[in-house]
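Before any comments, here is the structure.
Every number here is computed from the coordinates shown, using simple stated rules; none is lab data. Owing to the predicted nature of the structure, the values given are computational and were not obtained by experimental measurement. With ideal geometry, Cβ positions are generated from the backbone for all residues, glycine too; neighbour counts draw on all protein chains shown.
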């Protein structure tokens, strides 16, 4: 028998509607974020859109404003800058020529004291030397008496020989000539001994050999000294010297004296310690050392400074050992063009201004000489009357138009007058840049 199949119960209404409810719930959850994204995209597109602005017409370029100086050919005297130390031209160690005890030190034999030639500096005890002089005088008196006696005896011997009326020539011994010569020699020796004793007595007063100054005293009162003992160091004050190094690059611009009689070279000296000291000392280069320094390859020139301590002129003194700045007169450069240093850019670049077109042009230069104020060139392509920009320019295009600014320096009247005569436009003083 066939089994009966179980019959499936019909689904309920709730079971038939459940899938529709699931899809609706999912859709309800997705709609809000999608809407938010859509609104955000639309807002971003609207806000990020920039309307195209109309193009402005290109404005006229502003002129380059600068101060200028006029360039022209001229003869330029060179000045060599160097420095050195003051030193005495004659410095000696004062020695004693005799032995003795110091009994007096004179006031002008102190460190730094001035003295004149012949001044007594040190006095030694003269007692022994006075005794020596008396002994020498007595010896000379005895030798003189002996000589006079021998001379008289020789004269008597000669008269006795002549009385005999002999035709033979008398012998020297007969005339006592050897004895007289011996007595004369003894007298001369005694005279020399007296002079030596007198000199030694004079040497007990040690005198200054020249006008000078005491650098260092090395002896004290009561000290016993020997012959050639050093008493102190002194130096002459009539003039001083300065040893000045000259570099090989500067030598061609100087005519230094090489031989006696060559004309000296003028030098001015200033204090290198106190830069505010405006005192200027005149000096002259009188000779050179003749050989280059092995380390620096410089030539040393010797400058002479008269009256370094101001004893005659009344100027402030130059101290021995004091460093000084020297300014030496050099050769005159012919037909050159001096450029002010404030207008030099990057060592060898300048900006020229055409005075007719008022345009700016860059130029590379080659210096033949330079000092702290000017750079000297010789360029045939730069004519007289060309203007040079002296203001620091951050923007300087080639061929740019230029507006001349007046120079605020009181010495600029010549340039201002020239600009007015040329009809060059310039900004009046006090105007805004």
Net lengthening on full extension, residue 92/residue 181 (0.36 nm per residue, minus Cα-Cα): 27.6 nm
Calculated on alpha-carbon atoms, Rg and Dmax of the stretch 295-412 in Å: 21.2, 63
Computed Rg/Rh of the stretch 227-316, alpha carbon atoms with Kirkwood Rh: 1.05
Within the stretch 84-110: backbone nitrogen closer than 20 Å to the residue 120 label point (7 Å, Cα to C-beta): 94-110
Residue 239 versus residue 74: modelled label distance in nm, points set 7 Å from Cα along the beta carbon direction: 3.3 nm
